[in-house]
Amino acid sequence: MKTWGGRFEGRPDPRAADFGRSIEVDAELALDDIDGSIAHVSGLERAGVVSAAEARTLRAGLAGLRADLEAGTVTWDPALEDVHMNLEFALEARVGPVARKLHTGRSRNDQVSTDLRLWLRRTTDELDARIVGLERALVQLAQRHAGALMPAHTHVQPAQPVLFAHHLLAYVEMLERDRGRLADARRRANVSPLGSGAIAGAGFRLDREAVAAELGFDGVTHNSIDASGDRDFVAETLAGVALAMVHLSRLAEELVWWSNPRFGFVRLSDAFSTGSSMLPNKRNPDPAELVRGRAPRVIGNVTGILAMLKGLPLGYQRDLQEDKAPLFESCAILRGSLEVMAGAIGELEVDEARMAEAAGEGFITAVAVADRLVERGVAFRAAHHVVGALVRAAEARRAQLDELTDEEIATALGESDDEAALALAQDPAAGADLRSQATPIAAIGRADVIGGTAPARVAAELAAAAARLGIA
Ligand code: ARG
């Protein structure tokens, strides 16, 4: 017997019933549904809809159902459509006909929105803790290799030397923004729609604010039409989850490259690598590849939600039932990705010598040499040109910039149209001065600005991050 069956003479077509069923997905909301119902009982009691004794019976029955859920002894009846109907029938089986009063002044429309907000609140809290876990792993890796140099790339070409810790802290910045976005979405989601009813507002004087407070909401929604059909909080959370996955995917991509023997910067531990079924030599970064490979599903999910919402008139539409699978899937993917990345980063072996060697290749200290010329009075555009000539000279004889001779340096300076450069061409100390700036250590020392890679700046940021994350 359908709860809403009174109006109908015919029975639902099994195909339509099958098509509309959501219990397989929304069973995930069962505990939240119980919490919402217990608070709703308080609202009904205070409004005089149920007596104190009835409220006690309903609360005890719902608490019993929760215990059964936690014990895993509840079985779902597919004929009952969704989690809300299943739990209402289970309650009736437990406490008798008084259960039929529970749904007074409530629609599944405000009920499911309440459940989903409660679910989202606890899930974003859990995700936040896992983001912090990955941040900690990154900071600890940076601390273990605080002095390690590496080449930073733009256009995937060697660009400038940086500290490895500086690179790792870039991800910490990204992850902190992810935390902020999820917290922001959570704050807006954390208001109670209960009492909005189907669309116009409950027909009983429910003390919505007291019910909201009982559920730990920060307040109540203020328009029943909006509240009963609003899923902004799902879209916002999914957008935050998608961006977090984009960040993890970029980290994954770097781990894939860095662990390639041609780079040889890192080695993923055995526990986070996989072998090949055919090639005995292989050591594959599968966990990182799967993070990269699942990010697009999460991106697709946020797109799907937005596309679903854009065509809806106000109020609840059954389309909204389709919000759950993408929300649950995206959060599960992010949770798993955070865990596997924290594990892989925690056990990452770093080859500092190989990274330092790479930081000495590709003339990546060139701009440091040009900056030194600027300090000696040369205009930057002219200095850029002179150092370009030095790079050409070094490349021609397979030398590094700090291996150029005084003569080679004087020749490049002497070809400049800059007066200060021409004067330096005559200065016998100029060659040594410029060579001294061409080492990676000298180059990183120059980037002595807030957010720059100079060792003292990175040490300060690392200490601040460690303090924020509660790491000694
Ligand atoms: N299971 C539905 C959902 O998740 C709630 C049911 C509301 N259905 C309705 N016909 N008013 O959206």
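No value in this document is a laboratory result; all are computed from the given coordinates. None of the values given here were measured: they were computed from a predicted structure. All Cβ positions, glycine included, derive from the backbone under ideal geometry; neighbour counts span all protein chains shown.
Annotations
- Centre separation in Å (Cα based) which lies between the range 4-70 and the range 252-269: 52 Å
- Considering helices alone, the calculated mean residue ellipticity of the chain at 222 nm is -20000 deg cm²/dmol, with DSSP H runs of length four and up weighted by -39500 (n - 2.57) and normalised per residue.
- For the chain, relative contact order (Cα pairs under 8 Å, six or more residues apart, normalised by length) works out to 16 percent.
- Radius ratio Rg over Rh of the range 428-467, counting only Cα atoms, Kirkwood formula for Rh: 1.21
- Alpha-carbon centroids, the range 424-472 and the range 272-341: separation in whole Å: 40 Å
- Set of the range 431-470 residues, backbone N closer than 17 Å to the point 7 Å along the Cα-Cβ line of Arg144: 466
- Available extension along the chain between Phe8 and Glu349 is 116.0 nm, counting 0.36 nm per residue and deducting the alpha carbon span.
- Only one residue of Gly6, Ser107, Ala39 has its Cα farthest out toward the positive end of the dipole of the chain, where Lys and Arg carry +1 and Asp and Glu -1 on Cβ, and that residue is Gly6.
- Projecting the Cα atoms of Leu268, Pro287, Leu248 onto the charge dipole of the range 243-290, computed from C-beta unit charges around the Cα centre, puts Leu268 farthest toward the positive end.
- Cα pair distances of the range 98-249 binned at 5 Å [whole percent]: 2, 9, 14, 15, 13, 10, 9, 7, 6, 5, 5, 3, 2, 1, 0
- Straight Cα distances below 14 angstrom link Lys101 to the aspartates and glutamates Glu45, Glu54, Glu88, Glu92, with same-chain residues fewer than 8 positions distant left out.
- 3J(HN,Hα) along the range 124-135: 5, 4, 5, 5, 4, 4, 6, 5, 4, x, 5, 4 Hz, from the Karplus curve 6.51 cos²θ - 1.76 cosθ + 1.60 with θ = phi - 60°, whole Hz, x for Gly and Pro.
- When DSSP beta bridges are restricted to pairs lying wholly in the range 121-256, around 75% turn out antiparallel.
- Debye-sum result for the chain in log10 I(q)/I(0), which assumes one identical scatterer on each alpha carbon, at q = 0.06 Å⁻¹: -0.44
- Within the chain: Cβ-based charge dipole about Cα centre, in debye rounded to nearest 20 (Lys, Arg +1; Asp, Glu -1): 1360 debye
- Each Lys or Arg adds one and each Asp or Glu takes one away; over the other residues whose Cβ falls under 14 Å from the Cβ of Arg250, this sums to -2.
- FRET efficiency, Glu322 to Asp207 (Cβ-Cβ, R0 25 Å, nearest 0.05): 0.15
- In sequence order, calculated HN-Hα J values of the range 463-472 (Karplus, 6.51, -1.76, 1.60; Hz; x Gly/Pro): 5, 5, 5, 4, 5, 4, 8, x, 9, 5
- DSSP bridge orientation in the chain - percent antiparallel, rounded to nearest 5: 80 percent
- For the pair Arg397 and Glu173, a Förster radius of 51 Å applied to the C-beta separation gives a FRET efficiency near 0.80, rounded to the nearest 0.05.
- Residues Ile199, Ile441, Ile409 in ascending order of nearby Cβ atoms (within 10 Å, fewest first): Ile441, Ile199, Ile409.
- Kirkwood hydrodynamic radius of the range 362-472, from inverse mean 1/r over distinct Cα pairs, in Å: 15.0 Å
- Helix axis angle, 324-346 relative to the chain longest principal axis, alpha carbon, degrees: 40 degrees
- Cα-based helix-to-principal-axis angle, 30-46 vs the chain, degrees rounded to 10: 50 degrees
- Coil-residue trypsin sites (Lys or Arg not before Pro) of the range 354-408, DSSP, other Cβ within 10 Å capped at 12: Arg397, Arg398
- Entry note: the range 50-137 has Rg to Rh equal to 1.10, where both radii use alpha-carbon atoms and Rh is the Kirkwood radius.
- Convex hull volume per residue in cubic angstrom - Cα atoms of the range 252-377: 208 Å³
- Pair Leu306, Ala17: separation of 7 Å Cα→Cβ label points (nm): 4.0 nm
- The phi-based Karplus calculation (6.51 cos²θ - 1.76 cosθ + 1.60; θ = phi - 60°) puts the 3J(HN,Hα) values of the range 90-99 at 5, 5, 5, 4, 8, 10, x, x, 4, 4 Hz, whole numbers, x for Gly and Pro.
- Loop sites by DSSP among the GluC sites (Glu not before Pro) of the chain, restricted to those with at most 13 other Cβ atoms within 10 angstrom, leave 10-360 as the longest stretch without any of them.
- Amide hydrogen neighbours beyond the local backbone of Ala152, cut-off 5 Å, H modeled: Ala159, Gln160, Val162
- Acute angle (nearest 10 degrees) that the helix 366-375 long axis makes with the longest principal axis of the chain, alpha-carbon atoms: 70 degrees
- Val246/Ser51 FRET efficiency (R0 51 Å; Cβ-Cβ; nearest 0.05): 0.40
- Among the chymotrypsin sites (Phe, Trp or Tyr not before Pro) in the range 2-69, those located in a DSSP loop and surrounded by at most 14 other Cβ atoms within 10 Å of their own Cβ are Trp4, Phe8.
- Across the options Ala368, Val449, Ala389, the greatest Cα extent toward the positive end of the charge dipole of the range 338-472 (unit charges at beta carbon of Lys, Arg, Asp, Glu) belongs to Val449.
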